[in-house]
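Working notes for the structure below.
The values are calculated or read from the model by the stated rules, or taken from the named source; none is laboratory data. Given the structure is predicted, the values throughout are model-derived calculations rather than measurements. For neighbour counting, all protein chains shown are included, and Cβ atoms are generated from backbone atoms with ideal geometry for every residue, glycine included. Calculation scope for accessible area: heavy atoms of the full protein, side chains included, ligands and nucleic acids excluded. Shrake-Rupley method; radii C 1.70, N 1.55, O 1.52, S 1.80 Å.
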Amino acid sequence: METKKPTVILTGLQPSADNLHLGNYFGSLKPLVDLQNDKTVENKILYLFCADLHTITVPTESGKFPIAQRKNNLICTYAAAGIDLTKTRLFYQSDVPAHTSLGWVLICHSTLGELSRMTQYKDKSNKQEKANGTQMIPTGLLVYPPLMAADILLYDADLVPVGKDQKQHVELTRDLAIKFNKKYGETFNLPEYYATKETAVIYDLVSPEHKMSKSNPVKGTIFLTDSVEEITKKITASITDCDNKVIFDEKKLGTKLGGISNLMIIYKLLTNMDYKDQEAKFANIKNYGEFKKEVIAEVVSFLTKFQKEYKNAQDNIESLKKQIEKNAEICREISNKKIEDVYKKIGVK
């Protein structure tokens with residue numbers, strides 16, 4: 001009887017900040033934990049990597065990248081969120097040299113037109129231009145999609161759970177794989193973009209027209225490591241409106257008037273209480289301060305439990321690192337076979 005091929009799922013997250021925030025948890029971490037524990041996909045292999053090489057795409061002014069400690073923080077965050085390193089092959093991208101080897105090959109099989117059409121490149125390069133006042137755009141912004149393609153194609157991934165902003169890069173990965181297979185023979189599996197269960201976006205508490213961000217936090221971002229005092233201060237100071245009514249209005253989301261709807265999103269994510277039930281529960285409040293206290297209580301309760309797990313992960317970081325190295329050994333063995341096959345087909349070996 002023929003054994004069915006496992007479903008290979010792969011994704012990564014950059015260690016681009018000292019710690020992650022509430023939006024990262026519900027938008028990225030929780031869906032991955034749910035995917036890991038999803039019993040409807042019985043025969044699966046889940047690869048989850050810390051994309052440290054992608055983090056150096058835009059050089060820092062000092063020339064140094066504060067990544068090492070951030071990598072530890074990210075691993076502890078994964079573990080605290082519920083990622084089991086014995087079930088999920090969690091590893092550091094830089095520990096597997098085949099990623100950059102295949103990345104270079106794919107760069108050489110891509111075109112300037114393909115890469116310059118990427119929306120992320122356009123958006124980020126425009127920001128670089130405004131910041132510099134010149135055309136000094138880092139080359140890494142242009143060529144990192146082929147490295148992302150290498151991340152995926154090395155392991156013959158079937159499904160790639162990433163945000164909508166990365167969907168175009170998964171499509172480019174398919175295009176590069178098809179192009180390579182047609183030219184050199186069947187080499188790469190064709191991956192599919194995988195949309196995880198949709199989770200509501202959490203917006204900045206002070207500037208609700210923007211998403212909660214780890215790169216531009218100011219006062220409106222709730223980090224997973226925030227203290228009770230910090231949480232209380234941030235939510236108390238969050239922007240609402242003058243209606244004094246807890247009513248969810250989707251049209252206001254992403255605008256300066258979306259503060260109360262944003263708090264309702266957070267409350268729903270933490271309590272599973274839908275918006276209509278929230279409106280009924282808080283129909284008779286005297287002011288928004290009463291509702292904010294309820295939101296504060298739920299956030300504090302959730303993050304107190306999370307931070308306990310995070311501290312436990314920090315205390316066991318050496319054990320986590322050992323498991324990461326074991327996972328990297330598995331990944332090196334798999335990816336080395338793939339890059340050797342690629343080298344032979346293009347005539348290098």
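Residues in the range 271-307 that are among the aromatic types (Phe, Trp, Tyr), closer than 23 Å to Leu224 by Cα and not in a helix (DSSP H, G or I): there are none.
The residue of the range 11-41 that is surrounded by the fewest Cβ atoms within 10 Å (Cβ to Cβ), among those that are of a type in the set (Val, Ile, Thr) and modelled with pLDDT of 85 or more, is Val33. One residue stands out in the range 42-86 among those that are within 30 Å of Ile137 (Cα to Cα), charged (D, E, K, R) and part of a loop (DSSP other than H, G, I, E, B): the one that is nearest to the chain's Cα centre (by Cα), namely Asp52. Give the residues of the range 179-195 that are within 26 Å of the chain's Cα centre (by Cα) and either of a type in the set (Ser, Thr, Tyr) or assigned to a helix (DSSP H, G or I) (or both), sorted by residue number. Correct list: Tyr193, Tyr194.
Within the range 109-132, restricting attention to residues that are open to solvent by less than 70 Å² (accessible area, probe 1.4 Å) and in a loop (DSSP other than H, G, I, E, B), the residue that is modelled with the lowest pLDDT is Met118.
If the condition is being among the hydrophobic types (A, V, I, L, M, F, W, C) and either free of Cβ contacts under 8 Å to residues at least 12 places away in the same chain or within 18 Å of Asp226 (Cα to Cα) (or both), then the range 12-37 contributes Ala17, Leu20, Leu22, Phe26, Leu29. Of the residues screened, Ser227 is one that is out of contact with any Asp or Glu (no Cβ under 6 Å at 6 or more places or on another chain), without any contact (Cβ under 8 Å) to a residue 40 or more places away in the chain and small (Gly, Ala, Ser).
Among the candidates Leu224, Leu257, the residue that is among the hydrophobic types (A, V, I, L, M, F, W, C) and either under 30 Å from Val105 (Cα atoms) or open to solvent by 80 Å² or more (accessible area, probe 1.4 Å) (or both) is uniquely Leu257.
I'd like to verify a number: residues in the range 238-247 that are buried (at least 18 other Cβ atoms within 10 Å of the Cβ) and either more than 26 Å from the chain's Cα centre (by Cα) or on the phi > 0 side of the Ramachandran plot (or both), how many? Within the range 238-247, residues that are buried (at least 18 other Cβ atoms within 10 Å of the Cβ) and either more than 26 Å from the chain's Cα centre (by Cα) or on the phi > 0 side of the Ramachandran plot (or both) number 3. Total residues in the range 87-108 satisfying the condition of being part of a loop (DSSP other than H, G, I, E, B) and surrounded by fewer than 17 Cβ atoms within 10 Å (Cβ to Cβ): the figure is 3. Taking Glu250 as the residue in question, decide whether it is among the acidic types (Asp, Glu), over 18 Å from Val201 (Cα atoms) and either open to solvent by 70 Å² or more (accessible area, probe 1.4 Å) or in contact (Cβ under 8 Å) with a residue 40 or more places away in the chain (or both). Judged against the criteria, Glu250 is not a match.
Whenever a residue of the range 317-329 is under 12 Å from Gln93 (Cα atoms), its partners that are charged (D, E, K, R) and surrounded by 18 or more Cβ atoms within 10 Å (Cβ to Cβ), lying with C-beta atoms within less than 7 angstrom and at least six residues away or across chains, give the pairs Asn327/Arg89. Within the range 42-53, none of the residues are among the small types (Gly, Ala, Ser) and open to solvent by 10 Å² or more (accessible area, probe 1.4 Å).
The lone criterion from (1) small (Gly, Ala, Ser); (2) more than 25 Å from Ala81 (Cα to Cα); (3) buried (at least 17 other Cβ atoms within 10 Å of the Cβ) left unmet by Ala280 is number (3).
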